[in-house]
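For reference, the structure discussed in these notes is given below.
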Amino acid sequence: MLKQELETLFTAMPQIVKDKLQPVMDNLLERAGELDEHGSKDPDYYEEEREDIMKEVHKVKYLNDQWQIMNAKKNN
């Protein structure tokens, strides 16, 4: 579930961002996949790990947003 959400988000990012952040995104996808598989066994762990993953996702989204801002300024 979480892994699919992240895959959708990461797929929508520009290629240059994906190229630079691919190792980070791969790691987050791996963690999300493991969480989806094993999270139902321990709901507290699931919530904590999901929160940690989402903190990292927000960093990736921030970098993507910054790249888009810089690119927009460059094109104007």
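The values are calculated or read from the model by the stated rules, or taken from the named source; none is laboratory data. Keep in mind it's a predicted model, so treat the numbers as computed, not measured. All Cβ positions, even for glycine, are placed from backbone atoms using ideal geometry, and neighbour counts span all protein chains on display.
Only one entry of Val17, Val24 meets the criterion of being part of a helix (DSSP H, G or I), touching a residue at least 40 places away in the same chain (Cβ under 8 Å) and surrounded by 11 or more Cβ atoms within 10 Å (Cβ to Cβ), and that entry is Val17. Quick check on the stretch 35-45. Is at least one of its residues free of Cβ contacts under 8 Å to residues at least 40 places away in the same chain, surrounded by 15 or more Cβ atoms within 10 Å (Cβ to Cβ) and hydrophobic (A, V, I, L, M, F, W, C)? Looking for residues that are free of Cβ contacts under 8 Å to residues at least 40 places away in the same chain, surrounded by 15 or more Cβ atoms within 10 Å (Cβ to Cβ) and hydrophobic (A, V, I, L, M, F, W, C), one finds at least one in the stretch 35-45, hence yes.
Every residue in the stretch 27-67 that is polar (S, T, N, Q) and either at pLDDT 90 or above or not in a helix (DSSP H, G or I) (or both), please. Listed by number, the residues that qualify are Asn27, Asn64, Gln66.
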